[in-house]
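This report refers to the structure that appears directly beneath it.
The values are calculated or read from the model by the stated rules, or taken from the named source; none is laboratory data. Treat the numbers as computed from the prediction; the structure is a model and nothing was measured. Please note: Cβ atoms are built from the backbone with ideal geometry, for glycine as well, and neighbour counts cover all protein chains shown. Ligands, DNA and RNA are excluded from the accessible area calculation, which covers all protein heavy atoms including side chains. Shrake-Rupley method; radii C 1.70, N 1.55, O 1.52, S 1.80 Å.
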Amino acid sequence: MEPVLVAVSDDARVRLAAILAGRELVFAASVDEVRSLLRRGRVAAVVAGSHFGESTTLELLQALAAGAAPCPVICVQAVPFHHGLGKSTFRAFRTACLELGAKAVVDLLEYPDDEAGNARVRAALEPYLTAHVTS
């Protein structure tokens, strides 16, 4: 099974590790690091948080759009947007991500941060993690 490349904020790493338990995870903190890791080996998918380390999901999607992404990119919101920016901001984020080539956008804040909530998120992500066919 190919690893999942995870580019999320430090605050979201623990939650994503629980959601993706049982899979090998490789973490990245910037767009350059994601691109470098993708050049070095195959991954099942990239899971990118709205903001991570030194970059944002939109910057990542723009960089990957220059050359076809070698695997599905799944965008997640794991930490609330700043200062009361809520549902309308997330809708704009979702639309932008999908327009830039993301296969899915998931708001982790809609799911309880517990075993049952994580299982629901895992079930939503699983088709994108297993449907990738490498050449």
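Of all residues in segment 32-55, those satisfying the criterion of being out of contact with any Leu (no Cβ under 9 Å at 6 or more places or on another chain) and at pLDDT below 85 are G41, H51, G53, E54, S55. Figure legend. Inter-residue proximity from segment 51-74: first residues among the hydroxyl-bearing types (S, T, Y), second residues modelled with pLDDT under 85 and surrounded by fewer than 22 Cβ atoms within 10 Å (Cβ to Cβ), beta-carbon distance below 9 Å, spacing 6+ or different chains. Indicated pairs: T57/H51. Looking only at residues of segment 65-103 that are open to solvent by less than 80 Å² (accessible area, probe 1.4 Å), modelled with pLDDT under 85 and of a type in the set (A, V, I, L, M, F, W, C), we find that the one that is nearest to A17 (Cα to Cα) is A78.
Considering only segment 18-41, how many residues are within 21 Å of L109 (Cα to Cα) and surrounded by fewer than 15 Cβ atoms within 10 Å (Cβ to Cβ)? Result for segment 18-41: 1.
For the condition open to solvent by less than 70 Å² (accessible area, probe 1.4 Å), within 16 Å of I74 (Cβ to Cβ) and out of contact with any Lys or Arg (no Cβ under 6 Å at 6 or more places or on another chain), V4 does not qualify.
Looking across segment 107-124, the residues that are at pLDDT 95 or above and crowded, with 19+ Cβ neighbours inside 10 Å come down to N118, V121. One residue alone among L60, L25, L5, L20 is modelled with pLDDT of 85 or more and closer than 20 Å to P112 by Cβ, and that residue is L20.
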